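Peer 1: Before anything else, here's the structure in question.
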Amino acid sequence: MTDNSDRDAAEAQAAQRLLTALQTREACAPVREFIGPTDLPAAYRVQERLTAGRVAGGATIIGRKIGLTSEAVQEQMGVDQPDFGVLFDDMAYDNGELVPMDRLLQPKAEAEIAFVLKADLADGPLDVAQIRDAIDYGVPAIEVCDSRIKNWDIAFADTVADNASSGVYVLGTVHKTLDEFNPVETGMSMLINGEEVSTGNGAACLGDPLNAVAWLAKAARDFGEPLRAGQVILSGALGPMRPIESGDEVVVEISGLGSVNARFSEGNPQ
């Protein structure tokens with residue numbers, strides 16, 4: 001009983017530290033001092049507490065994001081699997097809309113394919129064939145990753161607890177079905193202020209972005225919160241992320257799919 005009480009208290013402290021950083025826009029120390037660097041169940045319990053805090057504050061869950069889909073990043077973090085986080089309604093920005101820098105701390109942009117679901121992914125094998133049938137369309141996306149933890153000093157448990165280091169995201173206006181494009185065959189170029197800073201392709205995302213969505217569908221079901229029709233899924237980076245500065249404009253071109261752009265306000269992140 002004492003062990004469980006101690007565990008709950010430590011996880012509550014971790015969640016409160018992250019929630020305070022989110023609310024005050026002031027980066028905090030890592031939370032691995034409370035939950036250890038690699039304890040995934042503890043980290044997801046902290047994330048769940050953070051999510052409950054966001055929902056209690058009026059936020060609405062509208063989807064999920066997948067992180068750590070690159071083998072190189074997994075090796076760097078000392079893990080052998082991706083992670084996932086929650087997308088809230090207040091994280092979404094329209095194509096070309098000005099993103100206020102004062103809501104971000106240490107933003108980094110990455111290019112992704114987002115998918116919108118037309119069917120629940122709660123039952124069945126959740127294999128790639130089922131994933132394909134459940135996807136309504138794909139759309140080019142910019143995910144702005146952010147960390148509440150100072151200087152991105154993160155272990156695996158830190159980023160999982162911190163909602164998979166999520167910030168905001170921007171979706172393009174072009175929607176294509178999987179009959180109109182093949183995610184694994186896409187190529188990606190990301191420009192910041194007109195300079196190409198990142199390139200990649202669909203195969204860089206767990207071998208195929210649809211593999212990433214299949215992984216997420218199984219993980220979400222195991223977690224007790226299956227993916228649902230209408231949700232937005234950010235499927236993971238197609239290439240390296242890059243830091244964003246105030247006043248930047250980010251443009252992502254994904255071959256076979258389209259483009260998306262995000263503008264960031266003047267003024268430093270908090």
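The values are calculated or read from the model by the stated rules, or taken from the named source; none is laboratory data. Because the structure is predicted, anything quoted here is derived from the model rather than measured. All Cβ positions, glycine included, derive from the backbone under ideal geometry; neighbour counts span all protein chains shown. Side chains included, ligands, DNA and RNA excluded: accessible areas come from the protein's heavy atoms. Shrake-Rupley method; radii C 1.70, N 1.55, O 1.52, S 1.80 Å.
Peer 1: Enumerate the calculated ³J(HN,Hα) couplings along segment 194-200 in order (Karplus 6.51 cos²θ - 1.76 cosθ + 1.60, θ = phi - 60°), each rounded to whole Hz, writing x wherever the residue is Gly or Pro.
Peer 2: After applying 6.51 cos²θ - 1.76 cosθ + 1.60, I find x, 9, 5, 10, 7, 9, x Hz.
Peer 1: Sticking with this structure for a sec: What trypsin sites (Lys or Arg not before Pro) does segment 71-171 have in DSSP loop regions with at most 15 other beta carbons within 10 Å?
Peer 2: Listed in order of number, the matching sites are 118.
Peer 1: How much accessible area per residue does segment 1-154 have, in Å², with a 1.4 Å probe?
Peer 2: On a per-residue basis, 44 Å².
Peer 1: Another question, then. In a solvent-free Debye calculation with one equal scatterer on each Cα, what is log10 I(q)/I(0) for segment 195-270 at q = 0.25, 0.26 Å⁻¹, listed in the order of the q values?
Peer 2: -1.15, -1.19
Peer 1: If you plug each phi of segment 222-227 into the Karplus form 6.51 cos²θ - 1.76 cosθ + 1.60 with θ = phi - 60°, what whole-Hz ³J(HN,Hα) values come out, in order, with x for Gly and Pro?
Peer 2: 4, 6, x, 10, x, 5
Peer 1: Taking Cα centroids, how far is segment 56-93 from segment 216-270 in Å?
Peer 2: Distance between centres, Cα-based: 9 Å.
Peer 1: How would you classify segment 120-249 from its alpha-carbon gyration tensor, with a ≥ b ≥ c the square roots of the eigenvalues: rounded for a/c under 1.5, else prolate if a/b is greater than b/c, otherwise oblate? Kindly include the intermediate steps, with their values, before the conclusion.
Peer 2: Numbers: a/c = 2.04, a/b = 1.25, b/c = 1.63.
Note, shape of segment 120-249 comes out oblate.
Peer 1: Search the structure for amide H atoms under 5 Å from the amide H of residue 135, placed 1.01 Å from N in the peptide plane, and list their residues when 5 or more places away or on another chain.
Peer 2: 118
Peer 1: Also: Which number gives the lysine pairs in the chain that have C-alpha atoms under 16 Å apart and are eight or more places apart or on different chains?
Peer 2: 4
Peer 1: To the nearest 500 deg cm²/dmol, what mean residue ellipticity at 222 nm is calculated for the chain from DSSP H runs of n ≥ 4 alone, each contributing -39,500 (n - 2.57), summed and divided by the residues?
Peer 2: The per-residue figure over the chain is -9000 deg cm²/dmol.
Peer 1: Then there is this: What are the residues whose amide H is under 5 Å from the amide H of residue 227, where those residues sit 5 or more places off or on another chain and H is modelled from the backbone?
Peer 2: When sequence neighbours closer than 5 places are left aside, the close amide H contacts are 121, 221.
Peer 1: Hey, what do the phi angles of segment 19-34 turn into as Karplus ³J(HN,Hα) couplings, whole Hz, using 6.51/-1.76/1.60 and θ = phi - 60°, x for Gly and Pro?
Peer 2: 5, 5, 4, 5, 6, 8, 6, 10, 4, 10, 6, x, 9, 5, 5, 8
Peer 1: Output the relative contact order of the chain, whole-number percent, from Cα pairs under 8 angstrom with separation of 6+ residues.
Peer 2: Worked out over the chain, it gives 27 percent.
Peer 1: Do any GluC sites (Glu not before Pro) in segment 1-102 lie in a DSSP loop with no more than 16 other beta carbon atoms within 10 Å, and if so, which?
Peer 2: Here the sparse-neighbourhood loop sites are 26, 97.
Peer 1: So, one more: Running a GNM on the chain with Cα contacts under 10 Å, which residue among 208, 123, 90 ends up with the highest mean-square fluctuation?
Peer 2: Greatest mean-square fluctuation among the candidates belongs to 123.
Peer 1: With a 1.4 Å probe and all protein chains left in place, how much of the accessible area of the chain comes from carbon and sulfur atoms, in whole percent?
Peer 2: That fraction is 46 percent.
Peer 1: Pull up all non-local amide H partners of residue 87: gap of 5 or more, or a different chain, and H-to-H distance under 5 Å with H placed in the peptide plane.
Peer 2: 62, 63, 64, 65
Peer 1: For segment 1-130, what relative contact order do you get, as a whole percent, if you take Cα pairs closer than 8 Å and at least 6 residues apart?
Peer 2: Numbers: 83 pairs, mean separation 25.7, N = 130.
Relative contact order of segment 1-130: 20 percent.
Peer 1: If you don't mind, there's one more thing I want to ask. If I build a Gaussian network model for the chain, linking alpha-carbon pairs within less than 10 angstrom, which residue out of 58, 187, 200 has the largest mean-square fluctuation?
Peer 2: Most flexible of the set in this elastic network: 58.
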